[in-house]
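In what follows, a structure is listed as structure tokens, so that the remarks can point back to it.
Derivation of every value follows stated rules applied to the coordinates shown; laboratory data play no part. From a predicted model like this one, the values you see are computed outputs, not experimental measurements. Cβ placement follows ideal geometry from the backbone for every residue including glycine, while neighbour counts extend to all protein chains displayed.
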Amino acid sequence: MNKETKRADPIDLILEEEPVSVRLNGSYLLTAMIAPHNKEEFVTGYLFTEELISSLADIESLRIEGSNVSVLTTNPFKISKRRMVLSGCGSSSSFLDEKRLQPILSSSQFQKTIIHKSVCSLPPISAALWNSEGCLFQCSDIGIHSAAVTCIGYGFIHNIDFSSCMLALSGRIATDIVKIALFCKIPLIASSSVPTRLAITIAEKMGLCIICGVNADDMTIYTDKNIAVCS
């Protein structure tokens with residue numbers, strides 16, 4: 001007699017989604033539809049990548065009360081300027097101005113085994129921050145942009161050197177992800193999915209390495225001006 005296969009309860013496969021409202025210095029900033037975990041990391045990553053803070057010292061306080069996050073900064077008059085909606089973030093993100101982005105100047109080396117492991121180990125809609133020693137932080141979220149921002153927030157809080165890291169994704173690499181990597185000076189993004197044409201164009205100009213289609217046996221290197229991918 002064959003043993004009955006135990007299937008996962010459908011309820012266990014349902015993701016949690018929560019509207020998290022963020023107020024900055026008393027004023028409404030955004031409502032983000034995100035997973036209910038890692039709120040501090042997400043908000044901190046958002047503030048950093050939107051250039052509302054540049055160091056942890058800029059945060060006077062960050063208070064989380066249920067679905068509400070209140071942040072006070074030491075410079076309450078600093079606000080982001082040009083803004084547009086980019087893919088997958090559920091809110092506004094700063095305008096992608098190539099003239100304001102700094103090129104990646106890195107001679108980092110990444111082992112193919114690390115790239116395969118970092119991407120293939122990810123569950124759906126997830127991002128992870130890796131360096132040569134292994135995984136520093138990993139999270140899943142409602143959108144790939146939110147997961148990436150949360151990884152950046154973790155690295156920012158823990159003073160991680162982004163220039164020696166790679167960002168692994170289980171979703172598509174679009175311009176919003178490229179903008180995050182360039183702003184943080186992350187030299188390599190790797191994904192199991194495919195990039196957009198504009199993401200490749202910008203990455204090529206700015207020296208950002210994009211590797212996609214990563215699976216157990218293969219990967220496609222789209223841009224690799226300054227990065228060495230070693231066997």
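Cross-link check: pairs 39/205; 112/185; 117/205 evaluated at a Cα-Cα cut-off of 26 Å; pairs beyond the cut-off: 39/205; 117/205. What separates the Cα centres of the range 26-49 and the range 154-210 is a distance of 20 Å. 3J(HN,Hα) along the range 129-145, derived from phi through the Karplus expression 6.51 cos²θ - 1.76 cosθ + 1.60 where θ = phi - 60°, amounts to 9, 10, 10, 5, 8, x, 7, 8, 6, 9, 8, 10, 8, 6, x, 5, 5 Hz, with x in place of Gly and Pro. Sorted on the mean count of surrounding Cβ atoms within 10 Å across their residues, most packed first, peptides 39-45, 18-24 read 39-45, 18-24. Ordering 31, 113 by the number of other Cβ atoms within 10 Å of each residue's own Cβ, fewest first, gives 113, 31.
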